[in-house]
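Notes to accompany the following structure.
FYI, it's all coordinate maths here, none of it is from the lab. What you are looking at is a predicted structure, and each value in this text was computed from that prediction instead of being measured.
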């Protein structure tokens, strides 16, 4: 697209920048969710182990 010029090119490039920015933000959100899910899993496993210990 190096040879593409004009208002259509500018509009496309603007939308591409918006898309790229949204993709970065989405990736950050998904990473945060993944971290929270992993921590929730670890916490739940620890609670389950503690509960098992109460009945041993």
Candidate values [x] 4, 16, 11, 11, 9, 8, 9, 6, 7, 5, 5, 4, 3, 2, 1; [y] 4, 12, 22, 26, 18, 14, 4, 0; [z] 4, 18, 28, 23, 15, 8, 3, 1, label of the one derived for P(r) over Cα pairs in 5 Å bins from 0, in percent: [x]
Residue of 23, 46, 36 that the Gaussian network model of the chain assigns the largest fluctuation, springs spanning Cα pairs under 10 Å: 46
Helix axis angle, 7-54 relative to the chain longest principal axis, alpha carbon, degrees: 0
Stretch gain in nm, segment residue 19-residue 35, where the contour uses 0.36 nm per residue and the Cα spacing is subtracted: 3.3 nm
Extension gain, residue 43 back to residue 10 (0.36 nm per residue minus Cα-Cα distance, nm): 6.9 nm
Sum of -39500 (n - 2.57) over DSSP H runs of 4+, divided by residues of the chain (222 nm, nearest 500): -32000 deg cm²/dmol
